[in-house]
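Here is the structure we will look at, set down as structure tokens.
Quick note: the coordinates plus some simple rules give every number you see, no bench work behind them. Remember, predicted model here, so these are calculated numbers, not experimental data. Quick reminder, even Gly has a Cβ in these numbers, built from the backbone with ideal geometry, and neighbours come from all protein chains shown.
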């Protein structure tokens, strides 16, 4: 805001509201950290877990020595990579192609648009999806985790709008130089679309990393469980991952275990976040405003 | 050449992906000439809630079985949905373990599960043959054919557990009545700041499991969604404990505990069988559940205070007339069947036979070789002391019950089907395992002790094991009504409201089919008595 | 190039829709789509006769309505407030912190929510106790459950959803503000007469998108937070379907429920699109 005004009541109001929001957001996260990083005996002694005592990495050590957890982490990483890569490539292709259709006024493009948008709001539901996947034999495989959501229509249009703001001159020059469509897309357009690609990448990565729904529906083989599903079973169903036989559960506390799992599942996201942050606001901005 | 690089990378990833997915799949090679009839077979089996250790345990059996295992599982709350979808969509699995309340009869009629008569061989499958030839199993045949193999718990291995140190500190020896229980809980709260009872509301298997002893003492029942809680009085009239006055009393009592802060009030959000968040740090005085778990909690309690300890407590009011043993050994609870799409029915039966045999049961109960018992394997007399006198003395005259042994490691023994002519005889002479180190150390929380003390909670009557067709129509609605109203009563602010809520509950219960339900069972009872 | 994309849409979006035919059948997988018995609207009738289905339907409408009423305006207001913050540093701190909950999946969030709202150990009730008020069992209370649902979702997404509006506000031409100030407008008038009308197009598009999506949302949150006590207020169609899958051998019934769910989503999208077009703003169709 360029206008200079005197500080007034509304400022106090603003600070209070935003302050409350901040506190409400931070406190649970703090508690979570306290629980996960406490040593087991201090955890047992304190019901409120507000003030940290006795820092220890015992729970994490236990967690990361479980083969099931490690395997699920690697599965999640795999799914994220494939889903992200495939998603960016296919969405980019789609965005580029849709723009070209627009430009050359290919007949039938309006109908195609409408049909694509239609899928954003209407789908068959889980039973038809399950039956279809059963028919093409991808249930209980990793394919069912990323194929159904490979292209997200919203991101498609986000990219499309962003691409349409790229000066035509660039593409024309490339065509003259003898580039075909694929080369134009990947060598010219992608490099200057960093903001929107960063934004969509972040969305995709978060989505695939956190997903448990498809895993819950389609997977029966524990070797294929992604981290999201293990997390769900632990936190919601309170199913302990390591449950030793007949009664002797050792030193693990289930709540600590769950919180530690939660933190493990948050780490990658927060690792990527700072790198992407600069880009995604611009990306959304340009992509969306042009609508 | 970035495009090419991308494409190559993508393809490599896809290939890697497919490897990881398909590499572990079932291989069906032609049987080599090694004399092993199951050479090259991988048995795909669906068992519920298999954790890492159980999985390792099961895989360690592959040597004895002669074939490999591919274990599929799901979380408890998704169990029935998964099985339903698997059968309805013809998934290629060899053996499925599911709740008895699922529509297995419909599946049998639709040809979705294999009939077993042509596969069961008395010589190869003594146990399977024995239990499926038992008298009461006759009621479970469809078209005169056998379609499933029953699993269950042995009697009750759940009981009331209290904090021994608090009992000692308060100078209480044994709690005899519910009023006494309330008083002790109040004292415990005042002096030690602990909840009297730790409660959870498990969404699925046993709602309010942790309050079983209260229901039993008041003669109430009906809170286990998959169990039947019918009561047959001296005149042969069948009634359902879900709407009995005993249940109302039990709920009123729990409400009193709730209003006086003697129960953890967030119990509705705790979906596991036991609220470990309160039990582990010793924030509760008592709970009802598997005392064998108390072994685990004790080690965590010791971290807070080495004097604290859980101990098992005899059933309150077990001698009184209105005590209603609820757990019924979970009736049949779970069954195993072979879907029609299975390619290895013989292997499936061999698997089931092995894990119910003496050797198999001991291996499963013992756990992971090298972790829970010495890696060299069992000595000649095993890791366990067998309790051979059978449990006649403990369970009285329970003879014709269908409480058969199952797959999980919570079943601590086996039925010597190959030593007796009929199943009923063998059942009377169940063998229980008891860890030798428990015997040596004199640990009071050993299996034998637990079964002894928990026996009163294990009841049975002639109709409690039989699923009639009416059940599949009304059961889920009845359970929903219970879930809604029982918790309303427990959380009522003013005890005077309870009467009205109860009446509404009974009316709705009857309306959604409760009367029809009871009538059907009454008719059935009339035909068999 | 467009070919691959179209192929994906056909395979993964349109063909599954074809499976909706199952809603009209007594489905038997071994017989397949074409040979299973066609029973017309029987599945639907069965659904509507189930009290719990009707309840779930009603809850879907009510909760979605509440979301539209409260969760849609909140990010807008938040963006407007943020715009008024003078200190750049404070503003970016608030923004960064409020973005964080968006990245938590509802599994994590529900663990946190259950912890905070717990009757005896949670901070909210601790506060109530200090103020002398009786405890409130938010997650088991039929009275409070919907409030909790809407509020927690609001807090979770408020930061993230405001990005679009912040961007829109930042794109407003400054000369508008200048000329308005010269004409003597104070802060509130600037807000009302310059800022809001300028971002009206963005608001209307987001409104359409929001209404179109809101009916299909909420599954994650409710599935992880609800319990049998609050089914009558918190069970929505999506959770009803998942829950009732356990005892229904005829998948047609579930498919029918899913079909109804999707139809409602579509109806509301078209409706909001029409509404926005009526009021003169841009629309999608």
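What number, in percent, do you get for the relative contact order of the stretch B:249-356 if the mean sequence gap of Cα pairs under 8 Å and at least 6 apart is divided by its residue count?
Relative contact order here is 13 percent.
Quick check on the stretch B:198-250: what does the Kirkwood estimate of hydrodynamic radius come out to from the alpha carbon pairs, in Å?
Final number for the Kirkwood radius of the stretch B:198-250 is 11.5 Å.
Kirkwood hydrodynamic radius (Cα pairs, Å) of the stretch B:152-266?
Value: 15.5 Å, from the Cα pair sum.
Taking every DSSP beta bridge that has both residues in the protein assembly as shown, what percent is antiparallel when rounded to the nearest 5?
Within the protein assembly as shown, antiparallel bridges account for around 75 percent of the total.
Please give the contour-minus-distance gain from residue A:30 to residue A:105: 0.36 nm per residue of separation, less the Cα-Cα distance, rounded to one decimal in nm.
Working: separation 75, 0.36 × 75 = 27.00 nm, distance 5.52 nm.
Net length gain for the segment: 21.5 nm.
Strictly greater than 28 Å: what percent of every Cα pair in the stretch C:41-278 meets that? Walk me through the numbers before you get to the answer.
Details: 12845 of 28203 pairs.
Value for the stretch C:41-278 (Cα pairs over 28 Å): 46 percent.
Calculate the length of the line joining the C-alpha centroid of the stretch C:137-168 to that of the stretch C:200-251, in whole Å.
Going from one Cα centre to the other spans 15 Å.
Among B:341, B:276, C:175, rank each residue by its count of other Cβ atoms within 10 Å, from fewest to most, as a rough exposure measure.
Details: B:341 18, B:276 22, C:175 8.
Lowest to highest Cβ neighbour count: C:175, B:341, B:276.
What do you get for Rg/Rh over the stretch A:70-226 if you use C-alpha atoms and the Kirkwood form of Rh?
With Rg and the Kirkwood Rh in hand, the quotient comes to 1.03.
Can you give me the P(r) profile for the protein assembly as shown? Cα pairs, bins 10 angstrom wide beginning at 0, each as a whole percent.
For the protein assembly as shown, the binned pair fractions read 2, 9, 18, 23, 21, 14, 8, 4, 1, 0, 0 percent.
On average, how many beta carbons from a partner chain sit within 10 Å of the beta carbon of a residue in B:488-500?
Across B:488-500, the average partner-chain Cβ count within 10 Å equals 1.
Between the stretch B:97-132 and the stretch A:10-87, how many Å separate their Cα centres?
Comparing the Cα centres of the stretch B:97-132 and the stretch A:10-87, I get a distance of 47 Å.
Which angle from 0 to 90°, rounded to the nearest 10, does the C-alpha axis of helix C:51-66 make with the longest principal axis of chain C?
The helix C:51-66 is inclined about 20 degrees to chain C.
Taking 22 Å as R0, compute the FRET efficiency from the Cβ-Cβ separation of residue B:443 and residue B:371 and round it to 0.05.
In this case the efficiency is close to 0.65.
Could you tell me how far the Cα centroid of the stretch C:82-119 sits from the Cα centroid of the stretch C:1-25, in Å?
So the separation of the two Cα centres works out to 38 Å.
When the convex hull of the Cα atoms of the stretch C:84-149 is projected onto a plane and the area is averaged over all directions, what value comes out in nm²?
6.5 nm²
Classify the stretch B:261-335 from the C-alpha gyration tensor, please: rounded if a/c falls under 1.5, else prolate or oblate depending on whether a/b exceeds b/c.
Verdict is prolate for the stretch B:261-335.
Return, for the Cα atoms of the stretch B:176-223, the radius of gyration and Dmax in Å, separated by a comma.
12.4, 35
Sort the following peptides by mean Cβ neighbour count (other Cβ atoms within 10 Å, averaged over residues), highest first: C:70-76, B:495-501, B:194-200, B:290-296.
Going from most to least packed, we get B:194-200, B:290-296, C:70-76, B:495-501.
Over chain C, with a Gaussian network built from C-alpha contacts below 10 Å, which listed residue (C:272, C:36, C:162) shows the highest mean-square fluctuation?
C:36
Can you pull the mean other chain C-beta count within 10 Å for peptide A:212-225? Before the final figure, lay out the partial values.
Numbers: counts 5, 5, 0, 0, 8, 6, 2, 3, 14, 9, 8, 7, 4, 1.
Average neighbour count from other chains, rounded to a whole number: 5.
Suppose R0 equals 56 Å; then what is the FRET efficiency for residue B:359 and residue C:4 from their Cβ-Cβ distance, rounded to the nearest 0.05?
On the way: r = 56 Å, r/R0 = 1.01.
FRET efficiency, residue B:359 to residue C:4: 0.50.
Describe numerically, in nm with one decimal, the distance between label points set 7 Å from Cα along Cα→Cβ at residue C:62 and at residue B:259.
2.7 nm
In what sequence, highest mean first, do C:49-57, B:243-251, A:121-129, B:353-361 appear when ranked by Cβ atoms within 10 angstrom?
In descending order of packing, they fall as A:121-129, B:243-251, B:353-361, C:49-57.
Within 10 Å of each Cβ in peptide A:20-30, how many partner chain Cβ atoms are there on average? Round it to a whole number, please.
On the way: counts 1, 8, 5, 1, 8, 10, 2, 4, 10, 6, 0.
For this peptide, the per-residue mean of nearby foreign Cβ atoms is 5.
Fewest to most neighbouring Cβ within 10 Å: what's the order for B:307, C:232?
Arranged by neighbour count, lowest to highest, B:307, C:232 become B:307, C:232.
Just grab the label-to-label distance for residue B:424 and residue A:10, each label 7 Å out from Cα along the Cβ direction, in nm (one decimal).
According to this spin-label approximation, the distance is 8.8 nm.
Which value, in nm² and rounded to one decimal, describes the direction-averaged projected area of the C-alpha convex hull of the stretch B:197-334?
With the hull built on Cα positions only, its mean projection is 9.1 nm².
Grab the DSSP H runs of the protein assembly as shown that are 4 residues or longer, score each as -39,500 (n - 2.57), total them, divide by all residues and round the 222 nm result to the nearest 500 deg cm²/dmol. Don't skip to the answer; put the middle values down first.
Numbers: 51 runs with 595 residues, N = 1105.
Roughly -16500 deg cm²/dmol at 222 nm, from the helical runs in the protein assembly as shown.
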